[in-house]
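Q: This is the structure I want to talk about, given as structure tokens.
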Amino acid sequence: MSGPGPFAERLRRLREAAALTQEELADRAGLTAKAIGALERGERRRPYPHTVRALADALALDEAARAALSGAVRPVEDAPAAPLPRPPVALVGRETERAEVVDLLRDGGTRLLTLTGPGGVGKTSLALDVAHTLAPDLPDGVVLVELAPVREAGLVLPTIARAVGGQQPTGPALDALATVLGGRRLLLVLDNLEHVLAAAADVAELLARCPGLVVLATSRAALRVRAEVERPLEPLPLPTGPAVAAVAASPAARVFLDRAQAAGRPVPLTERTAADVAAICRRLDGLPLALELAAAHARFLPPDALLARLDTALGTPGSRDLPERQRTVRATLDWSHDLLTDAEQRLLRRLSVFAGSFSLDAAQEVAGDGDVLPVLSALVEQSLVVPVPDAGARYRLLEPVRQYAAARLSAAGEDDEVADRAADLCLRLGERVRTALLGADQAEWLDVLEREHGNLAGAFARLIATGRLAAAAELGADTWLYWALRGNAVEGLGWLERVAAAGGDRLDDRARSALHLALAGLRYATGDVLGTARDAEVAAEAGRAAGCDDRRVQALLLAPMAEVFVGDLDRAAARLDESEALAAAIGHEWARAHSGIARAQLLFRAGDLAASGAVLDAAERDARSLGAPFTLAVVLNMQASLALAAGDPAGALDPLAEAADLAAAVETTWTLAYTLPSLAVCAAQGGRHELAAELFAAGSATAEAASVAVSFPPDLEAARGWLPVVREALGEEAFDAAWRRGRTLRPADVPALAARIDRPAQPRTRRT
């Protein structure tokens, strides 16, 4: 893109219309003249949302001018290539539907549109195409939420929360997610809703609470809520006859011919082939998925031979209680399956065990025999397995194909065996991350587990269903830090509580230690301090009996942390002595660093700030040596809390800024929930009350959306003490406005906000 760009030009025109110099605008907006110059020269084309708001305030813009300035940040010609995937093949024959859906969503009158139709009709492809068309109109972009792996309607809102910002709401889930979304102008694409239609009321209520939200859903059935506009998607129009011109004009035939050409064997339209192509399209009812699967085989079967084979498959339909079009898709998939080699058939049905995507290594594991790569490549070539863009060697099955393959797996009597292999795969992954999650590669392994989230959930379900409770407990202990750090603590806690309910009291000491360690860690993250102490006590004693020192040392840490929080300092001190000795004996660096943090918290609570600071300095050295971002962020937050207690807000800023940077880089919200209120206290003590209100609000929203809680009493007391001061200084109207802005802040915004705290507050006129 040439020139300074639309935002730069609009900003310059607005400034000149207001008769302001760059220096005067900078002074009003709380920015530097250098920053204003960079924005007007187009050197910064993506200013932070809070920067745009500050400029709009300084220019006294009305709502329309504010919207225009915000919209100029993301012009059509400069729209970012968001992670939103594009349809796997060009959209053919959907021009009318696409234009209609775009117009409905663009005019503002329709905020929930559901594309309905049979499986394989192309609902997802049309939704993705529409989303890319609308993306430049939406300041906060488009988010795709894939719901096919979701097993229960109650998990729809947490899945949306993760997709929106790597976070998960805690109860009440609807309130928390609505608060996070706030007034953001965002399009949610909810793909494959038909099996979780009980969540329809939640979706409708979310729309009612979030005025800038628009939802484009795909489902085999309508949601049947009042806000919904249903757009049924019919199969592609068929050829009106066997003539070449009629076939060439048919969207269904164009899809077949386009995909046949992509398969490497174009089909020339002659009087003879046109009739065969027309017959194929009719037999497949114009369903895009069926046409694509058929065309994948055109490279070795001419149309007449293809039609003959297709007739055989379609003559033996599946269940007759299914809709006709589903029977047709099933028949097409039966035919496509019959053309596969034995090895390809076997791998396809076994891959259906994955909920979501899978790696090449995982495919090899569930295959059970032979080299999987050539067979997997053949399935990819035939459009039965789809590579996941920008994810390395990862793949997925289209959901209709996965369901079909799962039925084949059951019919072959292999479903139990393959499900166990998939669960074992997750157990081995848990063993790999057991120590890796505690070290310098923490961020990388958190990303790995995030990609395997659906498969981890599937493993827990399988292990519980088959009574392998000890294995489920071990998986929980290995991965509890992932569930806590990536905003999934409530979901992880749910799985572990199901393990306990299914027979946790019958586990041996080793498994009991693992189960209660995981429960303690996740209760600690969610703010259940008493529950943390209770489960940590059980984990420590069971670990002692079983000789599991790695589990025991973590439990011995969680117990005194909880006891410090409730004020039982003597008991906490005894536990810490034991944990420190054990950490030193087994060389557990993570436990050593966190023992230092817990000791500093204890001394802080006892009133010995000097001793607490000295212990924290040693813990910081240990944390930096360990290299685990979470551990270091906890130390930094604690140092800031100590500085604030000592009356040194300036001394708290550097550790808080670094903690915020770590949270943004590693995408962990647990520590950020502590960082934000402390930053707000710093801002309040410096007289920056509006900024303090935004930071307090961001901290509240982060804690709620990530299902974590701030539980350290000194931090709670500081926030509770300064929040009323901020409210009083601003007045209710200004406070409420700042609070609403803060609730929509993202983790990536926080480092820039932290950098603003030590600047003098600009004079403001108090509104009445």
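Each reported figure results from applying straightforward, stated rules to the coordinates on display, with no laboratory input. Because the structure is predicted, anything quoted here is derived from the model rather than measured. Note that each Cβ is placed from the backbone with ideal geometry, even for glycine, and that neighbours are counted across all protein chains shown.
Q: Take the alpha-carbon centre of region 99-170, take the same for region 704-746, and report the distance between them in whole Å.
A: Using only Cα atoms to place each centre, the spacing works out to 31 Å.
Q: Here's something else I'd like to know. Once the cut-off is 12 Å, how many percent of the Cα-Cα pairs in region 528-573 end up in the long-distance tail? Display every interim value, and only then the final one.
A: Values: 551 of 1035 pairs.
Pairs farther apart than 12 Å: 53 percent.
Q: So how compact is region 342-413: Cα radius of gyration and Dmax in angstrom?
A: 11.0, 35
Q: OK, next. Given the peptides 234-244, 459-469, arrange them by the average over their residues of other C-beta atoms within 10 Å, most packed first.
A: Details: 234-244: 17.5, 459-469: 19.2.
By packing density, highest mean first, the sequence is 459-469, 234-244.
Q: Given points 7 Å out from each Cα along the Cα-Cβ axis, report the residue 175 to residue 205 separation in nanometres with one decimal.
A: 1.1 nm
Q: Rg over Rh of region 419-630, using C-alpha atoms and the Kirkwood radius, what does it come to? Before the final figure, lay out the partial values.
A: Values: Rg = 16.7 Å, Rh = 17.2 Å.
Result for region 419-630 is an Rg/Rh of 0.97.
Q: Which FRET efficiency value, to the nearest 0.05, do you get for residue 227 and residue 501 by plugging their Cβ-Cβ distance into 1/(1 + (r/R0)^6) with R0 = 56 Å? Working shown, then result.
A: Values: r = 38 Å, r/R0 = 0.67.
That gives a FRET efficiency of 0.90.
Q: To continue, here is another question. Could you state the angle between the C-alpha long axis of helix 549-566 and the longest principal axis of the C-alpha atoms of the chain, as a value from 0 to 90 degrees rounded to the nearest 10?
A: 60 degrees
Q: Grab the DSSP H runs of the chain that are 4 residues or longer, score each as -39,500 (n - 2.57), total them, divide by all residues and round the 222 nm result to the nearest 500 deg cm²/dmol. Intermediate values should be presented prior to the final figure.
A: Working: 38 runs with 496 residues, N = 768.
Result for the chain: -20500 deg cm²/dmol, rounded to the nearest 500.
Q: Still on this structure, please answer the following. What is the extension gain from residue 341 to residue 466, computed as 0.36 nm multiplied by their sequence separation minus the C-alpha to C-alpha distance, in nm to one decimal? Please list the in-between numbers first.
A: Working: separation 125, 0.36 × 125 = 45.00 nm, distance 3.22 nm.
Stretched fully, the residue 341-residue 466 segment lengthens by 41.8 nm.
Q: How much length would be gained if the chain were fully extended between residue 90 and residue 18, taking 0.36 nm per residue of separation minus their Cα-Cα distance, in nm to one decimal? Numbers along the way, then the final one.
A: Working: separation 72, 0.36 × 72 = 25.92 nm, distance 4.77 nm.
This chain segment gains 21.2 nm when fully extended.
Q: Would you please put 524-534, 470-480, 498-508 in order of how densely packed they are, using the mean number of other Cβ atoms within 10 angstrom per residue and starting with the highest?
A: Working: 524-534: 21.0, 470-480: 25.6, 498-508: 15.3.
Per-residue Cβ counts within 10 Å, averaged per peptide and sorted highest first, yield 470-480, 524-534, 498-508.
Q: Quick check: Cα centre of region 188-244 to Cα centre of region 450-498, how many Å?
A: Taking the Cα centre of region 450-498 as reference, the centre of region 188-244 is 32 Å away.
Q: Hey, quick one: spin label on residue 585, modelled 7 Å out along Cα-Cβ, who in region 536-555 has an amide N within reach, i.e. under 14 Å?
A: Correct set: 541, 543-554.
Q: Just to be sure I understand the model, the point goes 7 Å from the Cα along the line to the Cβ. What's the resulting residue 646 to residue 198 distance in nm?
A: 5.4 nm
Q: Let me ask you something else. What is the projected area of the convex hull of the Cα atoms of region 104-152, averaged over all directions, in nm²? Numbers along the way, then the final one.
A: On the way: hull surface 18.0 nm².
Averaged projected area of region 104-152's Cα convex hull equals 4.5 nm².
Q: Something else: Ratio to report: Rg/Rh of region 625-768, with Cα atoms as the point set and Rh obtained by the Kirkwood method; give two decimals. Display every interim value, and only then the final one.
A: Working: Rg = 14.2 Å, Rh = 14.9 Å.
Looking at region 625-768, the ratio lands at 0.95.
Q: How many angstrom separate the Cα center of region 604-621 from the Cα center of region 376-418?
A: Spelled out, the Cα-based centre of one part sits 54 Å from the other.
Q: Against the longest alpha carbon principal axis of the chain, how many degrees, from 0 to 90 and to the nearest 10, is the axis of helix 469-485 turned?
A: 70 degrees
Q: Given a cut-off of 24 Å, what percent of all Cα-Cα pairs of region 150-250 lie beyond it?
A: Numbers: 1683 of 5050 pairs.
Across region 150-250, Cα pairs with separations above 24 Å total 33 percent.
Q: How would you rank 695-704, 122-131, 341-350, highest first, on the average number of other Cβ atoms within 10 Å across their residues?
A: Values: 695-704: 25.9, 122-131: 23.5, 341-350: 19.4.
Sorting 695-704, 122-131, 341-350 by mean packing, highest first, produces 695-704, 122-131, 341-350.
Q: Right, here's the next one. With axes computed from alpha carbons, what is the tilt in degrees of helix 49-58 against the longest principal axis of the chain, rounded to the nearest 10 within 0 to 90?
A: So the helix axis and the longest Cα principal axis differ by about 70 degrees.
Q: Once the piece of chain linking residue 729 and residue 435 is laid out straight, how much longer is it, given 0.36 nm per residue of separation minus the C-alpha distance between them?
A: 101.0 nm
Q: If I take the Cα coordinates of the chain and project them onto the principal axes, what are the three extents in Å, biggest first?
A: 91, 77, 43
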